[in-house]
Ligand code: SAM
């Protein structure tokens, strides 16, 4: 097996490769390639894959991180939307690399089929535009696809939300969703000069490590996730006003709020996971 020996840290080599293949970078798909060997090495180390690991990479681009992941000996399934990049990956970079598999298309649509057939991977590694990244993470968790570790390069603001605890400014429904099954930490800040082209937002790497015991028992998880979505549907509204969307009689709502010790005028961002779980049980 021969992994492509391409210099991913050289902007001129990348530009030449794209030009030779009649390709360009598309803003629409948030295409900012990592060109720092140091950052690529650190992300790979954070992922911690080895020859026994099954890894999904979302948005491999032309393979800067993919090559590092393949070098660990892991089996890598890469999901890429850009057909031009897919051609490079398939025909040039990894044409005879047996531990590489490409799934062409929008990862938000294609991942489920792989999951249904094969189950969750050990790890997910991705450097994605923030909107795709957060929808992808939410989708995995909502569908109970729970890899042991996930390492994402995202806009720093999104990483702050993932790592926020109740009481923090960035705390949101997304913090709750990503915290049920995972312990999350910002592992790295990445300067914009480490990307080509440099993005105009700050980027960070978040490591999401699966908890041995989730904060919400698995039999309650789906109902808990739905209730969290309802509670955070409109940030400015009180808990009680958001809960009206459940269509339950007001007495039932008031009774459940009282039973779970939550003031009806509270805002969802003040609630802890335990309080939401208590409310869910009281609403049953
Ligand atoms: N991994 C490469 C790197 O770090 O240099 C490229 C990262 S670039 C920020 C994001 C990549 O995600 C691009 O290759 C882009 O085409 C791809 N992408 C964007 N949206 C996607 C989606 N919905 N499904 C799959 N790939 C997507």
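Tabulated data for the structure shown
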| quantity | calculated |
| --- | --- |
| Odd one out for residue 251, checked against (1) touching a helix residue (DSSP H, G or I) at 6+ places or on another chain (Cβ under 7 Å); (2) in a helix (DSSP H, G or I); (3) free of Cβ contacts under 8 Å to residues at least 12 places away in the same chain | (1) |
| Positions within region 1-21 being surrounded by fewer than 18 Cβ atoms within 10 Å (Cβ to Cβ), within 21 Å of residue 73 (Cβ to Cβ) and within 13 Å of the ligand (Cβ to nearest atom), in sequence order | 6 |
| Qualifying residue in region 264-279 (condition: over 30 Å from the mean Cα position of the chain (by Cα), outside the structural domain of residue 175 (by TED's automatic domain parsing) and either over 29 Å from residue 137 (Cβ atoms) or assigned to a helix (DSSP H, G or I) (or both)) | yes |
| Residue within region 166-182 that is surrounded by fewer than 16 Cβ atoms within 10 Å (Cβ to Cβ), farther than 21 Å from residue 130 by Cβ and assigned by TED's automatic domain parsing to the domain that holds residue 47 present | yes |
| Any chance residue 114 is more than 9 Å from the ligand (Cβ to nearest atom), crowded, with 16+ Cβ neighbours inside 10 Å, more than 28 Å from residue 22 (Cα to Cα) and touching a residue at least 24 places away in the same chain (Cβ under 8 Å) | yes |
| Filter result (out of contact with any strand residue (DSSP E or B) (no Cβ under 7 Å at 6 or more places or on another chain) and outside any helix (DSSP H, G or I)) within region 63-81 | 63, 72, 73, 81 |
| Selection status of residue 84, touching a strand residue (DSSP E or B) at 6+ places or on another chain (Cβ under 9 Å), assigned by TED's automatic domain parsing to the domain that holds residue 55, modelled with pLDDT of 95 or more and within 14 Å of the ligand (Cβ to nearest atom) | no |
| Odd one out for residue 61 among (1) closer than 20 Å to residue 108 by Cα; (2) surrounded by 24 or more Cβ atoms within 10 Å (Cβ to Cβ) | (2) |
| Checklist (1) farther than 27 Å from residue 122 by Cα; (2) away from the ligand (no atom under 16 Å from the Cβ) applied to residue 198, failing item | (2) |
| Checking residue 152 against (1) touching a residue at least 60 places away in the same chain (Cβ under 8 Å); (2) buried (at least 22 other Cβ atoms within 10 Å of the Cβ); (3) in contact with a strand residue (DSSP E or B) (Cβ under 9 Å, 6 or more places away or on another chain), the condition it does not meet | (1) |
| Residue in region 232-248 that is surrounded by 14 or more Cβ atoms within 10 Å (Cβ to Cβ), closer than 21 Å to residue 139 by Cα and modelled with pLDDT under 95 present | yes |
| When residues of region 22-61 are limited to those that are assigned to a loop (DSSP other than H, G, I, E, B), touching a strand residue (DSSP E or B) at 6+ places or on another chain (Cβ under 7 Å) and more than 15 Å from residue 129 (Cβ to Cβ), the one nearest to the ligand (Cβ to nearest atom) | 35 |
| Test: residue 279 is buried (at least 17 other Cβ atoms within 10 Å of the Cβ), in contact (Cβ under 8 Å) with a residue 12 or more places away in the chain and either farther than 23 Å from residue 178 by Cβ or in contact with a strand residue (DSSP E or B) (Cβ under 9 Å, 6 or more places away or on another chain) (or both) | no |
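The values are calculated or read from the model by the stated rules, or taken from the named source; none is laboratory data. Predicted, not measured: the structure shown is a model, and the values here were computed from it. Counting neighbours? That spans all protein chains shown, and the Cβs are built from the backbone with ideal geometry, glycine included.
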